[in-house]
């Protein structure tokens, strides 16, 4: 055999020893006039990759949306939405998320939290973003935003217009004073 005939065999043996794809090197080393062997696809096409990414995104979105029970939906019906005026001229916005019953966006300063209602034994409305560790508590006289991880209030003495009206009605009826109600 001549050296030209041994060349493809030598290339094949070297590629096997190095762990390289045999089909690719064999096609490159084929003698002139021979049909080239199809090269193996090294990565999926862009459209295939986009489909995979989209499927992964949908799966992630499905798992991150919390399921809401009927009891949580009942609590959600009592959530006061809109802007609440708080101590030190601060504001908190509470808005329901369209298309997701029982989900709320709570905004304070530059942060926005996606919260869902949690049942309580006291009857207070409690919205919670478990991932961020933030809780919105609403009682008849006021609301507050808390960092549950460190057990500290972020903002207190927040009142929606309905809470201000309830406080004023209690004062007008000669009941507990507003400051006493706010301490609860």
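Things worth noting here:
- Of all residues in segment 86-95, those satisfying the criterion of being in a strand (DSSP E or B) and surrounded by fewer than 19 Cβ atoms within 10 Å (Cβ to Cβ) are 91, 93, 95.
- Cβ pairs under 9 Å, 6+ apart, first in segment 98-114 and more than 20 Å from residue 133 (Cβ to Cβ), second surrounded by fewer than 16 Cβ atoms within 10 Å (Cβ to Cβ): 100/65; 101/73
- Residue 125 being at pLDDT 95 or above, under 18 Å from the mean Cα position of the chain (by Cα) and surrounded by 16 or more Cβ atoms within 10 Å (Cβ to Cβ): no
- Within segment 147-184, being modelled with pLDDT of 90 or more and at positive phi holds for 151, 157.
- Looking only at residues in segment 96-118 that are over 17 Å from the mean Cα position of the chain (by Cα) and surrounded by 12 or more Cβ atoms within 10 Å (Cβ to Cβ), the one that is nearest to residue 162 (Cα to Cα) is 108.
- For segment 98-115, a tally of residues being out of contact with any helix residue (DSSP H, G or I) (no Cβ under 9 Å at 6 or more places or on another chain) and assigned to a strand (DSSP E or B) returns 9.
The values are calculated or read from the model by the stated rules, or taken from the named source; none is laboratory data. None of these values were measured; they are calculated from a predicted model. With ideal geometry, Cβ positions are generated from the backbone for all residues, glycine too; neighbour counts draw on all protein chains shown.
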